[in-house]
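Derivation of every value follows stated rules applied to the coordinates shown; laboratory data play no part. Keep in mind the model is a prediction, meaning the values are calculated, not measured. Backbone-built Cβ (ideal geometry, glycine too); neighbour counts: all protein chains shown.
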Ligand code: GLC
């Protein structure tokens, strides 16, 4: 008897869990969601931009927390902020030349400084030497270059006096018993109103916004979760003001099927297409050139051209997007290393973007040849073999006999001769000399 009751209880709990996982905030159907996200799924490659007062210390956008800097000690960065060389049109041109189709700018990062003219704070760019709404100029410039625009907005705020001190705050106590004392007089409800008001400004004052990147939740003791942000209400407001917008997954609304549009693996490569509740989900990995997001003068761990290209290709080969970050300097420029990295990607994309845009994971029955990555365009039925390690002459495509109409290099559209083998494979005759592209791509027109 006891066993049966236990069994029924477990079943009920499972069903409840299921129900919870399927809760929805809106009435949008799956098909409508796919349509809303179609451009993003096609474009695959975007630019992240982390810019704020932390570009002055130039040693990580978390410098205020890492070094436990007080508001008054951090003030010198506000007082000296003057990006006199800021020309967002130049930024947009560089993004576009790299093959990026959209961009996401930090309108406010964890330090709390706003790059936009908010009615709700004095801690903003219009009150610094530059006197400009930097977000407004940025939106206009990126739109003018034909890029989609997105806003990053930090849920976390290390400057707002009502934002309670938590375990990543610059003023976090050494002794956990001290949190209560430190938080006396701070009122998260007031901060929540501030946060909703600012997001409302961003969703109202800058025209159509394509992406919203809210960052981030860290539930648990001395952490922050969806209750702190009022995430349900916040997301509903965002969707009402910007019905077409695409929103990330850091609001701590994972119990809702539509609590996010895509997941955001950060600074690591996924081993396979990410899943939630047994289903493949849309995803975008965000990555840096050198480790930190904000401009970091002395960082030496820059990824090279090939590593960056592999990041992009591998993401698409698993059905995902890449959001690659630039941290502009405090003068408002892309540092020479960032410019070089972008140009390198642009050289490759100029001739190979067909293997990225509109592409996704190859059908499951196609085998990946050694030392390669596959991307696939389901509309044109073209398969792309990215040669990570250029082979010597004979290159075999296992099990592809009878499946290929035509083969060519993508960068120069030159034919690659092919032969069927007795084993049912296809052998390609590649030139001995590696073509002059970082990662050569073979385009296969499938039957
Ligand atoms: C993290 C970091 C942050 C960065 C972001 C980008 O959550 O806090 O500095 O902006 O990831 O994904």
- So what is the 222 nm mean residue ellipticity for the chain from helices alone, if each DSSP H run of at least 4 adds -39500 (n - 2.57) and you divide by all residues, rounding to the nearest 500 deg cm²/dmol? -9000 deg cm²/dmol
- Given R₀ = 60 Å, FRET efficiency for residue 85-residue 447 by Cβ-Cβ distance, to 0.05? 0.65
- Item | FRET E, pair residue 364, residue 406, Förster distance 22 Å, beta-carbon r, rounded to 0.05 | 0.40
- Message: Rounding to the nearest 10 and keeping the result within 0 to 90°, find how far the Cα-based axis of helix 134-144 lies from the longest principal axis of the chain.
- Response: 20
- Task: Measure nothing but the geometry: give the 0 to 90° angle between the long axis through the Cα atoms of 336-352 and the longest principal axis through the Cα atoms of the chain, rounded to 10°.
- Result: 40
- Query: What do you get for Rg/Rh of segment 372-446 when both radii come from the Cα atoms and Rh is the Kirkwood radius?
  - Reply: 0.93
- Taking the alpha-carbon centre of each part, the distance from segment 295-369 to segment 393-447 in Å is 24
- With Cα atoms, 0 to 90° folded angle of helix 71-80 axis to the chain main axis: 60
- Shape of the chain from its Cα gyration tensor (a ≥ b ≥ c, root eigenvalues): rounded if a/c is under 1.5, otherwise prolate when a/b > b/c, or oblate? oblate
- Message: Could you order the peptides 428-438, 60-70, 42-52 from most to least packed, using the average number of other C-beta atoms within 10 Å per residue?
- Response: 42-52, 60-70, 428-438
- Checked segment 297-339 with the C-alpha gyration tensor, a ≥ b ≥ c its square-rooted eigenvalues, rounded below a/c of 1.5, otherwise prolate if a/b is larger than b/c and oblate if not; verdict prolate
- Among beta bridges assigned by DSSP with both residues in the chain, the antiparallel ones amount in percent, to the nearest 5, to 50
- Query: Given Cα pairs under 8 Å that are at least 6 residues apart, what percent is the relative contact order of the chain?
  - Reply: 17
- Message: For the pair residue 236/residue 371, report the inter-label distance in nm, with labels modelled 7 Å from Cα in the Cβ direction.
- Response: 5.7
- Note on segment 242-377: alpha-carbon gyration tensor, axes a ≥ b ≥ c; rule is a/c under 1.5 for rounded, else prolate if a/b larger than b/c, else oblate; result oblate
- Message: Please compute the modelled spin-label separation between residue 184 and residue 271, points set 7 Å along Cα→Cβ, answer in nm with one decimal.
- Response: 5.0
- Message: With the crude spin-label approximation of a point 7 Å out along Cα→Cβ, what separation in nm comes out for residue 390 versus residue 434?
- Response: 0.6
- Query: How long are the three semi-axes of the equivalent ellipsoid of segment 277-326, in whole Å, if each is the root of 5 times an eigenvalue of the C-alpha gyration tensor, listed from largest down?
  - Reply: 25, 13, 7
- Message: Which log10 I(q)/I(0) values does segment 174-296 give at q = 0.14, 0.21, 0.23 Å⁻¹ under the Debye formula, counting every alpha carbon as one identical point scatterer?
- Response: -0.78, -1.28, -1.35
- Message: I'm checking a number: the convex hull volume of the Cα atoms of segment 318-386, normalised per residue, in Å³. What is it?
- Response: 108
- Output the relative contact order of segment 241-383, whole-number percent, from Cα pairs under 8 angstrom with separation of 6+ residues. 18
